[in-house]
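For reference, the structure is listed below as structure tokens.
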Amino acid sequence: MFARLARAILGTQNDRALKAYRKRVPAINALEPKMAALSDAELAAQTVRFRERLAQGETLDDLLPEAFATVREAAKRTLGQRHFDVQLIGGMVLHEGKIAEMKTGEGKTLVATLPAYLNALTGKGVHVVTVNDYLARRDAEWMGQIYRFLGLSVGVIVHGLTDEERRAAYACDITYGTNNEFGFDYLRDNMKYRFEDMVQRDFHYAIVDEVDSILIDEARTPLIISGPADDSSELYRQVDAVVRELVRDAGTYEKDEKFRTVTLTEDGTERAERMLREAGILREGNLYDAANITIVHHLNQSLRAHTLFRRDVDYVVRRDPRDGVDKIVLIDEFTGRMMEGRRYSDGLHQALEAKEGVPVQPENQTLASITFQNYFRLYPKLAGMTGTAATEADEFLEIYNLAVVEIPTNLPVIRKDHDDEVYKTAREKYEAVIRLIEECRARNQPVLMGTTSIEKSEQVSALLKKRNIPHQVLNARFHEQEAYIIAQAGAPGAVTVATNMAGRGTDIQLGGNAEMRIRLELANMPDGPEKEARAAAIREEVARNREIVKQAGGLYVVGTERHESRRIDNQLRGRSGRQGDPGESKFFLSLEDDLMRIFGSDRMGGMLERLGLKEGEAIVHPWINKALEKAQKKVEARNFDMRKNLLKYDNVMNDQRREVYAQRREFMKANDVSATIVEMRHEVIEDIVAKRIPENAMPEQWDAAGLKADVQRLFNLDLPVEDWAKEEGIDDADIRDRIVKAADTLMARKTAEFGPDLMRQIEKSVLLQMLDQVWKEHLLLLDHLRQGIGLRAYGQRDPLNEYKQEAFVLFNQMLAHLRERVTALLARVELAPPAPPPEPILFSRGVHETRLDPGEAGALEPAEGNGGTAVLTRPARARQTRVDPADPSTWHATPRNAPCPCGSGKKYKHCHGRI
Ligand code: ADP
Ligand code: MG
């Protein structure tokens, strides 16, 4: 009550913010005559002047009024559109790194040109993010006219570009593209081996269109690049056969029971090499050549499987009753219980399977992944625009530090939003909807009907067919064609059925969209007077239709259910009444709707009884709207909490990824990583000495033999460590120094042998490869950890803390592995006949990119019964082939009864799909 009173007197925070923005508009408007007086060339030269002024120390904020005035003038000359004052305000909000909430049809595409231009003056690149390829192309082309006029370059990133094309597009001042493409490019870049192969520049500023869709609905959608999974089972078996033979002779390996490590002796290595070569596994070079890392890895795991793991002690072989396949089941060392479903990582489990002759289970290995949430948090400055953000303002602020500013419409909205109509059953509800549609059609009023799923769209479509009502159904599959259908959804008497997500990015103009009709209907006509005449006729027809539709009351939006979140309802409603157009909206509900059933249905039922709800009759009352809004707020809050909780888990991996990628970038940029290599080597030595010579231990307690074996394993050096240990007065520091000296000498000799240039190359390549290798293994471990962590949520322990701690331990282990592997590998590198450099994992066979769609990701639901903790499942289902209307080679994936992607309006099977 008090809050409302205070708002009435003082205005909302939003009002105050707007007031400040409004004050800055006159300065821009005042520059208009001056700008209008400039010649085209003079106007374009503004860009050069602005850049000079920036170089002299002026800030972007200083330049804002003039820059905005310049863009406005350029838009007038190129597009014939003059930014409205509210669009200038939107531009300021975006420039400040906030979210501009502007209703559908307010011209957000044009708004983005202002901050994009201003921020691109720095030369650091601006990304404008759209939800699909079609929109990226459309906006880049459309707005590109302004940028190019002003001497800025524009690029667009869409599916199917080469790296070269991508690099060129990213090098532009302004780059349009989809969230998918930006995200995958980031992941791909961080899997490359040379800095110059990367396509993206450092991130600077991004403007995300439809920001709620990307940063809320799809926030946790991960982009995943995953790699060779199934094709190594043969290799496991082949290596197994070699190792089986090898370990018959105990002299081929040495094992350390205490640390559970095993290494090949010199003799063992030689024999392994020979056998692998004979078996055709080792094709060229020596075992320890950089190109043979994978083989060495398999060899090691198989060796461990054969020598350190005992059947019926460490594991059992058991037939899985679910699929009748024999499997390796691990046994808990302490409890002796079988650990169903647990697998060793790193290929060890597969090696055990090969050893026991049971089917080798493929493991889908994640090579890199990132969620949209985390991708967009990488930008130092982020801004967003959408028609619907205010209901989610808390979440934007808390998670992305993005404030939301609601910007008033250019013209007042005169749409009539009717109260909801509630029925007892769904059947009655749909009958009422159909009645309304028939009424609308009788007076030529177009109808846009929203449903909550594609399935429901199809049901509604069947009902409409029964009544012989012509209509169009939108599914989110064909972006370009969909844009066309939406553009015509405002034609007199048109009926369009859409799922709530569908159709974003194109606005519905009353009477239809003349330009789109011309483009599509006259696509095959040669330019000339005839085409001009036809185009003029279409424009006239659309203008006439516009008047007809306005008379009929504008676009009628019908909701057939309320969505879980008010935002989605608002999106639907907002399609009508754009730019001061007339329009209406109404939601039809029934007690059988999901939202009604799940939330507050009892209270609602009681309330409706009191209001006198009867079979076959509707009830309309503002109370119902209030009650529903409450239910929606509850669901929104619950979903936000869930996302917040999951984010805490994501953050752990995110921090680690940042660290690894930053480090990787450094390595990639450097020509010489030898300092790092030396440091790693010395640390490795430090570690083994510390392990074998405990602090304050008497020399008799030293494990000199173990240390000797370590040195052998790591450096292939035979040092008299046992003799050293017997020397009078020697301590661990002396031992360490001697090993360091021996190892340094060895490496110096190798460097001299190869020549420093080659050695530097090898070091860098080994370092990057090994980093990728351990990181990839680490990802898998983290994944397993996260899956398993919910199971520990008993007792007083907080699963998130457990996860954090263990993830930290694993990270350190990963670094230790990295040091060891790099050191050992370099100590063994031989000068081989020039072999082709290894391919980055990214380009090897079997790597594919997946985007887990929110609907598909079981990952979004917290598992039951463990206190709301996230137990993530991994539905590693690759996306179906996407049909891209711009790329005929993808059209084959069109369902036979779907509209043809060519845009003809005919069914695919009657058009391009005709056999
Ligand atoms: P939004 O993304 O906000 O829904 P769009 O950017 O798709 O809106 O623009 C909707 C329509 O309004 C487009 O046809 C666009 O050309 C037009 N438009 C936008 N701004 C202006 C303007 N200042 N003057 C004239 N037409 C405009
Ligand atoms: Mg838009």
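The values are calculated or read from the model by the stated rules, or taken from the named source; none is laboratory data. What you are looking at is a predicted structure, and each value in this text was computed from that prediction instead of being measured. As a convention, Cβ positions derive from the backbone with ideal geometry for all residues, glycine included, and neighbour counts pool all protein chains shown. Remember, those area values only see protein heavy atoms, side chains included, never the ligands or the DNA or RNA. Shrake-Rupley method; radii C 1.70, N 1.55, O 1.52, S 1.80 Å.
Couple of notes before you dig in:
Quick grid of which residues meet (1) over 44 Å from the mean Cα position of the chain (by Cα); (2) farther than 30 Å from R658 by Cβ; (3) open to solvent by less than 40 Å² (accessible area, probe 1.4 Å):
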{"position": "G729", "(1), (2), (3)": "yes, yes, no"}
{"position": "T751", "(1), (2), (3)": "no, yes, yes"}
{"position": "Q761", "(1), (2), (3)": "no, no, no"}
{"position": "V766", "(1), (2), (3)": "no, no, yes"}
{"position": "L780", "(1), (2), (3)": "no, no, yes"}
{"position": "D783", "(1), (2), (3)": "no, no, yes"}
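- Residues that are charged (D, E, K, R) and free of Cβ contacts under 8 Å to residues at least 40 places away in the same chain within region 633-657 comprise K634, R638, D641, D655, listed in sequence order.
- Qualifying residue in region 205-223 (condition: of a type in the set (F, W, Y), away from ligand 1 (no atom under 16 Å from the Cβ) and out of contact with any strand residue (DSSP E or B) (no Cβ under 7 Å at 6 or more places or on another chain)): no
Here's the yes/no breakdown for (1) in a loop (DSSP other than H, G, I, E, B); (2) among the acidic types (D, E); (3) touching a helix residue (DSSP H, G or I) at 6+ places or on another chain (Cβ under 8 Å):
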position	(1), (2), (3)
T391	no, no, yes
E398	no, yes, yes
K465	no, no, no
I469	yes, no, yes
Q481	no, no, no
Y484	no, no, yes
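- Restricting attention to region 304-323, the residues that are surrounded by fewer than 15 Cβ atoms within 10 Å (Cβ to Cβ) and in contact with a Lys or Arg (Cβ under 8 Å, 6 or more places away or on another chain) total 3.
- Among the residues of region 406-420, the ones that are in contact with a Phe, Trp or Tyr (Cβ under 8 Å, 6 or more places away or on another chain) and either farther than 21 Å from G606 by Cα or open to solvent by 30 Å² or more (accessible area, probe 1.4 Å) (or both) come to 1 in all.
- First in region 503-514 and assigned to a loop (DSSP other than H, G, I, E, B) and near ligand 2 (Cβ under 8 Å from one of its atoms), second anywhere and among the β-branched types (V, I, T) and modelled with pLDDT under 90, Cβ under 6 Å, 6 or more apart: T506/I486; D507/T104
- Evaluation of R138 against (1) modelled with pLDDT of 95 or more; (2) within 14 Å of ligand 2 (Cβ to nearest atom) (one fails), failing number: (1)
- Residue within region 676-695 that is assigned to a helix (DSSP H, G or I), at pLDDT 90 or above, touching a helix residue (DSSP H, G or I) at 6+ places or on another chain (Cβ under 6 Å) and surrounded by fewer than 16 Cβ atoms within 10 Å (Cβ to Cβ) present: yes
- In region 515-524, residue farthest from ligand 2 (Cβ to nearest atom) [restricted to those that are hydrophobic (A, V, I, L, M, F, W, C) and open to solvent by 40 Å² or more (accessible area, probe 1.4 Å)]: A523
- Within region 341-359, not a single residue is within 16 Å of ligand 2 (Cβ to nearest atom), over 17 Å from the mean Cα position of the chain (by Cα) and outside any strand (DSSP E or B).
- Whether a residue is among the hydrophobic types (A, V, I, L, M, F, W, C) and modelled with pLDDT of 90 or more was assessed, and I331 does not pass this test.
- The residues of region 106-128 that are away from ligand 1 (no atom under 15 Å from the Cβ), within 23 Å of the chain's Cα centre (by Cα) and aliphatic (A, V, I, L, M) amount to a single one, V126.
Okay, residues lined up against (1) under 19 Å from P33 (Cα atoms); (2) touching a strand residue (DSSP E or B) at 6+ places or on another chain (Cβ under 9 Å); (3) modelled with pLDDT of 95 or more:
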{"site": "Q56", "(1), (2), (3)": "no, no, yes"}
{"site": "T59", "(1), (2), (3)": "no, no, yes"}
{"site": "E66", "(1), (2), (3)": "yes, no, yes"}
{"site": "V71", "(1), (2), (3)": "yes, no, yes"}
{"site": "L79", "(1), (2), (3)": "yes, no, yes"}
{"site": "E96", "(1), (2), (3)": "no, yes, yes"}
{"site": "T130", "(1), (2), (3)": "no, yes, no"}
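- One residue alone among A30, A55, A36, A74 is surrounded by fewer than 19 Cβ atoms within 10 Å (Cβ to Cβ), over 31 Å from the mean Cα position of the chain (by Cα) and either touching a residue at least 12 places away in the same chain (Cβ under 8 Å) or within 16 Å of ligand 1 (Cβ to nearest atom) (or both), and that residue is A36.
- When residues of region 96-109 are limited to those that are more than 10 Å from ligand 2 (Cβ to nearest atom) and open to solvent by less than 10 Å² (accessible area, probe 1.4 Å), the one nearest to I28 (Cα to Cα): A100
- When region 708-727 is limited to residues that are free of Cβ contacts under 8 Å to residues at least 24 places away in the same chain and open to solvent by 70 Å² or more (accessible area, probe 1.4 Å), the one that is nearest to A827 (Cα to Cα) turns out to be D718.
- Among (1) within 15 Å of ligand 2 (Cβ to nearest atom); (2) open to solvent by 20 Å² or more (accessible area, probe 1.4 Å); (3) in contact (Cβ under 8 Å) with a residue 60 or more places away in the chain, the one test that A112 misses: (2)
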